[in-house]
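What follows is a single structure, written as structure tokens, with notes after it.
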Amino acid sequence: MDFFEEILEQAKHVAILGHVRPDGDCVGSCLGLKNYLKNKYPQIAVQVYLEPFSDCFGFLNGAEEISH
């Protein structure tokens, strides 16, 4: 087990943050990481925090759960 996995095994909460004026790469990668963590570590509460972004990314899995 590597260092990152050891930390996640002990974590209860994870916050994922993107950059200013998030574009599609930012929104997609934040949600991809969130979905990966929720699948691999279901015991962790994961939340994504981004500035408001274009509605065209609303179809992405979990986009409606992003906090602004």
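Given that just one value was derived from the coordinates, which of (1) 29; (2) 49; (3) 25 is percent of Cα pairs over 20 Å apart?
Only one option fits the structure, namely (1).
Any idea which of G28, G58, I44 is furthest toward the positive side of the dipole for the chain, if Lys and Arg beta-carbons carry +1 and Asp and Glu beta-carbons -1?
About the Cα centre, the residue reaching furthest to the positive side is I44.
Quick check for me: using +1 on Lys/Arg Cβ and -1 on Asp/Glu Cβ, what's the dipole size of the stretch 19-66 about its Cα centre, in debye to the nearest 20? Could you put the intermediate results ahead of the total?
Numbers: 4 positive and 6 negative charges, 58 e Å.
That gives the stretch 19-66 a dipole magnitude of about 280 debye.
Explain nothing, just the number: relative contact order of the chain, from Cα pairs under 8 Å at least 6 residues apart, as a whole percent.
After rounding, I find 35 percent.
Which angle between 0 and 90 degrees, to the nearest 10, do you get for helix 24-40 versus the longest principal axis of the chain when only C-alpha atoms count?
For helix 24-40, the angle is close to 30 degrees.
Taking only DSSP H segments of four or more residues, each worth -39500 (n - 2.57), what value at 222 nm results for the chain once the sum is divided by all its residues, to the nearest 500 deg cm²/dmol? Numbers along the way, then the final one.
Working: 2 runs with 25 residues, N = 68.
Helices in the chain give a 222 nm mean residue ellipticity of -11500 deg cm²/dmol.
Quick note: the coordinates plus some simple rules give every number you see, no bench work behind them. Given the structure is predicted, the values throughout are model-derived calculations rather than measurements. We place every Cβ from the backbone using ideal geometry, glycine too, and count neighbours over all the protein chains shown.
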